[in-house]
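Shown next, in structure tokens, is the structure this report addresses.
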Amino acid sequence: MSDHHGHSHDHGDHDHHDHAAHASHKRLGIAAALTGLFMLAEIAGGLISGSLALLADAGHMFVDFAGLVLAFAAARLALRPADARRSYGYDRFQILVAYSNGLVLFGITAVIVYEAWRRFSEPVEILAGPMLAVAVAGLLVNIAAFFVLHGGDKEDLNMRGALLHVMGDLLGSVAAIVASLVILATGWTQIDPILSVLVCLLILTNAWRLVRESAHVLLEGAPAGVDGAEVGRQLSARVPGIEDVHHVHVWMITPRRRAATLHVCVPEGADGTAVVRRVKAMLSADFQIDHATVELEHGRCADAGTTCGGDHVHDHAGHDHGSGHAHAHGHHHDHGHHGHDHAHGALPRPA
């Protein structure tokens, strides 16, 4: 017997999610516009002054502008309602863009480090005066864009990816100001590539964190601090009328949207609807899981064909945590979250 209806989703949380999504795409649009306008100014300045350095930086700004536009498009797409083909909606596209932006940042820093090495070994003439003027203007634009994005949702990986692009430009502007002042005072042009490499190291640290976290979401990893086995134990211990909980799978649609599927074994004649409601209420209150699909069973697990409460229970709940006994009973079903859902015809509905 399975419960296929009524997810314990708080409409207040859903409204907050929609409001945050609208605010995010507006902030990203403003930041993209600021970056795009300054990029055009740099191109004009480079063409007028004949400065290759300005045109090269404009090329870097174009990559960041493209990243911000992509992040803006992802935030807009996430506002689309769920449909038959995308039953969870389009929120995941933001995670994909965040992951892509993180990889692009790796590429940008690799190019900058290569260029820095080349310039350090073969110093080129730098027009410190125009460089300082453009760097100051760039700093002001990037500070404005940084504060626009910094006020956004800290858990939004898409927003964080965009923020890293702007932060890279901001740090680059600071480095350019310091370098131009040193060159004006001493004529030592090698300070420019040295500071560029230091900025790259700071960007790489944050880019790696962004890629790691977004990849974890795309791989349907469990939210931080939520262990499937512990969820099963807590439900078994605290919800009246439950004999056993197993096949617990917990994952993130986005960092703000958590989902779970699980099997709950109850005695014959038990009020299954009441048990499901208590389970969902506890998942929402204690683990912030507002999309849960609960499959009720009596006596035997429908998948494994074994008695509920057997040794397989917590082995499967801890499958993602390296248990060496996950397949000890010869189960052949797929442990992937969505594959598991389809096997039971119990895919959680979107919010």
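Below is a table of values for the structure above.
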read-out	value
Ellipsoid semi-axes in whole angstrom, largest first, where each is sqrt(5λ) of the Cα gyration tensor of region 124-168	29, 11, 4
Solvent-accessible area of Glu213 with every protein chain in place, 1.4 Å probe, in Å² to the nearest 10	60 Å²
Inter-site label distance for His150 and Thr306 at 7 Å from Cα along Cβ, in nm	5.4 nm
Ranked order, Tyr99, Tyr90 - accessible area, probe 1.4 Å, largest first	Tyr99, Tyr90
5 Å-binned pair-distance histogram of region 77-137 (Cα, whole percent)	4, 14, 11, 11, 13, 10, 9, 8, 7, 6, 5, 2
Convex hull volume per residue for region 30-181, taking Cα atoms only, in Å³	108 Å³
All-pairs Cα distance distribution in region 96-212, expressed in whole percent, bin size 10 Å	14, 40, 32, 13, 1
Added length on full extension, which subtracts the Cα-Cα distance from 0.36 nm per residue, Leu140 to Asp271	40.8 nm
Cβ-placed point charges (K, R +1; D, E -1), dipole of region 173-240 about Cα centre in debye, nearest 20	140 debye
Exposure of Phe287 as accessible area (Å², to 10), given a probe of 1.4 Å and all protein chains	30 Å²
Region 143-233 - Debye-derived log10 I(q)/I(0), Cα point model, q = 0.15, 0.20 Å⁻¹	-0.72, -0.97
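The values are calculated or read from the model by the stated rules, or taken from the named source; none is laboratory data. No experiment lies behind these values; they were computed from the predicted model shown. FYI the Cβ positions are ideal-geometry reconstructions off the backbone, even for glycines, and counts take in every protein chain you see. These area figures cover heavy atoms from the full protein model, side chains too; ligands, DNA and RNA do not enter into them. Shrake-Rupley method; radii C 1.70, N 1.55, O 1.52, S 1.80 Å.
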